[in-house]
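Here the structure is laid out as structure tokens; the discussion comes afterwards.
The values are calculated or read from the model by the stated rules, or taken from the named source; none is laboratory data. A quick note: this is a predicted structure, and the numbers were derived from the prediction, not measured. Note that we place each Cβ from the backbone using ideal geometry, even for glycine, and neighbour counts take in every protein chain shown. Side chains are part of the model used for accessible areas, which takes the heavy atoms of the whole protein and leaves out ligands, DNA and RNA. Shrake-Rupley method; radii C 1.70, N 1.55, O 1.52, S 1.80 Å.
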Amino acid sequence: MNELDLKKDGVTAINHRLHALPENTNERHWVIRNPMGQHAIACGLDGPLHVEVHGHVGFYCGGMNKDAEVIVHGHAGVGVAENLMSGLVWIKGNASESAGATGNGGLLVIDGDASSRCGISMKGIDIVVGGSVGHMSAFMAQRGNLVVCGDAGDALGDSIYEARLYVKGKVASLGADCIEKEMRDEHLADLSRLLAAAKRKDNPKDFRRYGSARKLYNFNVDHADAY
Amino acid sequence: MVKWLKAHHPQVRIVGSGHTIEIFKEVGLPANVYDKFELDDAKGTHIIGHTRMATESAVTTAGSHPFATGADLCLVHNGSLSNHNRLRENLKREGMEFQTENDTEVAAAYMTWKLRNGVPLKRAMEDGLSDLDGFFTFLVGTADGFAVVRDPIACKHAVLAETDDWVAMATEYRAIAHLPGADDAKIWEPEPSIVYTWGGNA
Amino acid sequence: MDPNIPRTTPRKSATFDDYTLSEIRRAATTGIYDIRGAGAKRKLPHFDDLLFLGASISRYPLEGYREKCGTNVVLGTRFAKKPVELKIPITIAGMSFGSLSAQAKEALGRGASAAGTSTTTGDGGMTPEERGQSKMLVYQYLPSRYGMNPDDLRKADAIEVVVGQGAKPGGGGMLLGQKISDRVAQMRCLPKGIDQRSACRHPDWTGPDDLEIKIHELREITAWEKPIYVKVGGARPYYDTALAVKSGADVVVVDGMQGGTAATQEVFIEHVGMPTLACIRPAVKALQELGMHRKVQLIVSGGIRNGADVAKALALGADAVSIGTAALVALGDQDPHLEDEYQKLGTTAGAYDDWHEGRDPAGITTQDPELAKRLDPVKAGRRLSNYLKVMTLEAQTIARANGKSHVHNLEPEDLVALTVEAAAMAQVPLAGTSWIPGKGGY
């Protein structure tokens, strides 16, 4: 276990330290203290590191990571785990806007609430939110799963492509081309797997599934109002 | 007093008026501005700090936020309005005066105009949601509190932290991180199109 | 009718001209706006409206070929540890794999590398073909983030954060179903054959304060090595340039409305944005006021066609230019020898702009494997490098004639304007006068 003090060393030095580790390093466990809401903490990691951050982080924490596990014992700012490729980012508190934006893979868990645009343009990432998500979540979501154990704000899944959305609570409103869909066994199995990965005890059967009506996939003048 | 100053000393720029709120503006590094106005010795119940990355108007002291919106009221803004030029012309016809080309000054004048016509602050801010176009997170300081509103799209960030002792709002959490007890504060974000208020006058 | 009464000749309306009438009929029939590729086609004040003064007695010219006239440019000297060093001040603009065939992307890489300059990815990610063939490759970071991944980010020589482009400042990308082939679909994580409409704002930042934080993240991920460009559509170049600098950009790219696009609404292309000529001086003014001219480099694009355009853009204050449409023509686009095939598509060589339909007979703006095969990347690359070298020689010829030992020493004062419009936009005097409209004089 190696400790890093962000207040003392600054973000760049700490990221450099983590990026410079050789592929076969034994120094896999790291703790970052005093994050002070600074931006770009533990982003661009490329390897199976396990990083625990104690405190609140700013924008883009864990952005574009591959293979690494980043656990934040606190809240996260805008764009946490943006464009995540693989691995895990786990926020023990709340997350701000655009959590998991454009993520390609891996798992993002947010124990608390996520703000607006959670999972915007997601491209394969799995996101599990213990609380609620804000408006415009899963906007243009292309692929992957967004699981919301609380409520969803306005315009959920607007212009959605092939991502799957599971919401346990109320949905304030669905966005253009997003509809409720049948929950089949394969979906229940997927959802169970994701809830288990996020260590959640919610019953998959309490969720509803939402996805694309696929009416905006090719332009049709009779659907022009939705644009 | 304000009228007298305008009539007799038109070269004096009035940045604010009232009994409880003081407004300081300057161009320069925040630390220098802080020292210049001896803010270390300032006492009070609430404070707004604003640094500006000017979007479309000049970097000047006059263009700095906050803008006064009447006695003991002031407004800061993060974002960029898209219909302020025509609105400024309309407000000029209503007798409002402007010192800059700044979009925020228009928002402030709009609030001032509403309040002068007897519209309560909360209503004025709600009306602003339909009359002001573009992107904004506004914070209005009042004699004994403050109010916050974000546009319906809500791309310009806002984070609130509350403890038993204080409430703080900032664009980014890192501004709050230095406050005592910030680690354990309740942290949340204001939703779009909803006016939040703290204090009786708001 | 009395045949003895003279009749006036039939007269068509200047307002309701043939093109306008055809567009009304098209809209009424289809119910969708017209989508096409390329940039603004209308007549605009442009570099042709400027002339260089040359040298005679008051100013001494340099000997062609013998006396050196430098053309190199270094991009990203402000913050990046590894700036991009180019031999010529002409780069290849961002064009996506998806909008272009893999062969075309490869040809661009080959041509640019042979001429000593860089190419740029586009809205769709980086292909191994273009990385392999591009000695210097700029990786675009776009709102859609299609194909965006940190490995490619680290493989790039520079990163270009795209805020907008000249053909559609304020608009998002568009790639219609016809061009979403298996490979394009896979790279963009989309179903095959759907219309892809990209967002117009980035998903995780809005405005200059956020951009500063985003640029910081990109620098952290790439160890502060790579130059970071910010590309904006030529809409509000003074403010946008100033804000890009304040946000921490190493390089600002300003793309005027003649700059091409793979596919956008015609109304957007022709009615939003400013001519390239009108964008340069406001951008340079912003840099000068911040003390950043030549420290933060300015790349100008949109309708650059020859060495004279290059020299004029540099004289007005740009550090380099980018070409897109012209590069495609060098590869073989719009070639008259394909006229029969253009006719079959209802158009003619030189006017073909239905790039979104993916039926390009030249094999460039297509994903059809049979059409794409027509383009030989080696030969096409050679054509591009020839063209880039000619442009460079032309720019040198002009610079030497004005007594400059480096193209960057060209100045606005070396120019005059042929029209009042160009004089006002470029802020150089109308030829034979000292009148710069809007700047006093007579």
For this session: From (1) within 11 Å of chain C (Cβ to nearest Cβ); (2) under 28 Å from A:I160 (Cα atoms); (3) out of contact with any Cys (no Cβ under 9 Å at 6 or more places or on another chain); (4) not hydroxyl-bearing (S, T, Y), pick out the condition that doesn't hold for A:A20.
Result: (2)
Seminar exercise, completed: Residue set A:H50, A:H54, A:H16; condition open to solvent by 40 Å² or more (accessible area, probe 1.4 Å) and touching a residue at least 12 places away in the same chain (Cβ under 8 Å); output residue A:H54
Problem set entry | Conditions (1) more than 11 Å from every other protein chain (Cβ to nearest Cβ); (2) part of a loop (DSSP other than H, G, I, E, B): number failed by A:M85 | (1)
Exercise. Filter the stretch C:247-263 for residues that are out of contact with any His (no Cβ under 9 Å at 6 or more places or on another chain) and more than 13 Å from C:V232 (Cβ to Cβ); which is surrounded by the fewest Cβ atoms within 10 Å (Cβ to Cβ)?
Worked result: C:D250
For this session: Might you check whether a residue that is open to solvent by 20 Å² or more (accessible area, probe 1.4 Å) and touching a helix residue (DSSP H, G or I) at 6+ places or on another chain (Cβ under 7 Å) occurs anywhere in the stretch B:42-52?
Result: yes
Exercise. When C:G432 is evaluated against the numbered criteria (1) in the same structural domain as C:L86 (by TED's automatic domain parsing); (2) over 28 Å from C:A185 (Cα atoms); (3) surrounded by fewer than 19 Cβ atoms within 10 Å (Cβ to Cβ), which criterion, by number, is the only one it fails?
Worked result: (1)
Problem set entry | Output for the stretch A:100-117, where each listed residue is more than 8 Å from every other protein chain (Cβ to nearest Cβ), over 11 Å from A:G63 (Cβ atoms), in a loop (DSSP other than H, G, I, E, B) and not charged (D, E, K, R) | A:G105, A:G106, A:G112
Exercise. Right, A:S121: at pLDDT 95 or above and farther than 18 Å from C:Y141 by Cβ or not?
Worked result: no
Exercise. Wholly within the stretch C:29-132, which strands (runs of 3 or more DSSP E) include no fewer than the required count, namely at least 1 residues that are open to solvent by 60 Å² or more (accessible area, probe 1.4 Å) and assigned by TED's automatic domain parsing to the domain that holds C:A185?
Worked result: C:50-52, C:84-86
Seminar exercise, completed: Taking the stretch C:212-257 and keeping only residues that are within 14 Å of chain A (Cβ to nearest Cβ) and of a type in the set (F, W, Y), one is left with C:W224
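Condition check ((1) touching a Gly at 6+ places or on another chain (Cβ under 6 Å); (2) not in a strand (DSSP E or B)) across all residues:
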position: C:W205; (1), (2): no, yes
position: C:W224; (1), (2): no, yes
position: C:Y229; (1), (2): no, no
position: C:L243; (1), (2): no, yes
position: C:V254; (1), (2): yes, no
Seminar exercise, completed: In the set C:L290, C:L243, the lone residue that is free of Cβ contacts under 8 Å to residues at least 40 places away in the same chain and touching a helix residue (DSSP H, G or I) at 6+ places or on another chain (Cβ under 9 Å) is C:L243
Seminar exercise, completed: Over the stretch C:400-436, the set of residues assigned to a helix (DSSP H, G or I) and touching an Asp or Glu at 6+ places or on another chain (Cβ under 9 Å) is C:R400, C:H408, C:E421, C:A422, C:A423, C:M425, C:A426
For this session: Could you tell me which of the residues C:I194, C:I280 is at pLDDT 95 or above and either of a type in the set (V, I, T) or assigned to a helix (DSSP H, G or I) (or both)?
Result: C:I280
Exercise. Quick check: anything in the stretch A:142-153 free of Cβ contacts under 8 Å to residues at least 24 places away in the same chain, part of a loop (DSSP other than H, G, I, E, B), more than 14 Å from chain C (Cβ to nearest Cβ) and over 13 Å from the mean Cα position of the chain (by Cα)?
Worked result: yes
For this session: Could you list, in sequence order, all residues of the stretch C:185-211 that are open to solvent by less than 20 Å² (accessible area, probe 1.4 Å) and more than 10 Å from chain A (Cβ to nearest Cβ)?
Result: C:A185, C:L211
For this session: Restrict the check to the stretch C:234-241 and report whether at least one residue is aliphatic (A, V, I, L, M), under 22 Å from the mean Cα position of the chain (by Cα) and more than 15 Å from C:G166 (Cα to Cα).
Result: no
Exercise. For C:P282, which of the numbered conditions (1) closer than 10 Å to C:G166 by Cα; (2) in contact with a Pro (Cβ under 9 Å, 6 or more places away or on another chain); (3) open to solvent by 20 Å² or more (accessible area, probe 1.4 Å) fails to hold?
Worked result: (1)
Exercise. Any residue in the stretch A:150-171 that is of a type in the set (V, I, T), farther than 20 Å from C:P143 by Cβ, outside the structural domain of A:A81 (by TED's automatic domain parsing) and open to solvent by 10 Å² or more (accessible area, probe 1.4 Å)?
Worked result: yes
Exercise. Taking A:I14 and the conditions (1) within 20 Å of C:E225 (Cα to Cα); (2) part of a loop (DSSP other than H, G, I, E, B), which numbered condition does it fall short on, given that it satisfies the others?
Worked result: (2)
Problem set entry | Of residues in the stretch C:374-399 being charged (D, E, K, R) and not in a loop (DSSP other than H, G, I, E, B), the one least open to solvent (accessible area, probe 1.4 Å) | C:E394
Exercise. Taking the stretch A:58-78 as the region of interest, how many residues are outside any loop (DSSP other than H, G, I, E, B) and of a type outside the set (V, I, T)?
Worked result: 4
Exercise. Inside the stretch C:308-324, can you point out the residues that are crowded, with 23+ Cβ neighbours inside 10 Å and in a helix (DSSP H, G or I)?
Worked result: C:D309, C:V310, C:A311, C:K312, C:A313, C:L314, C:A315
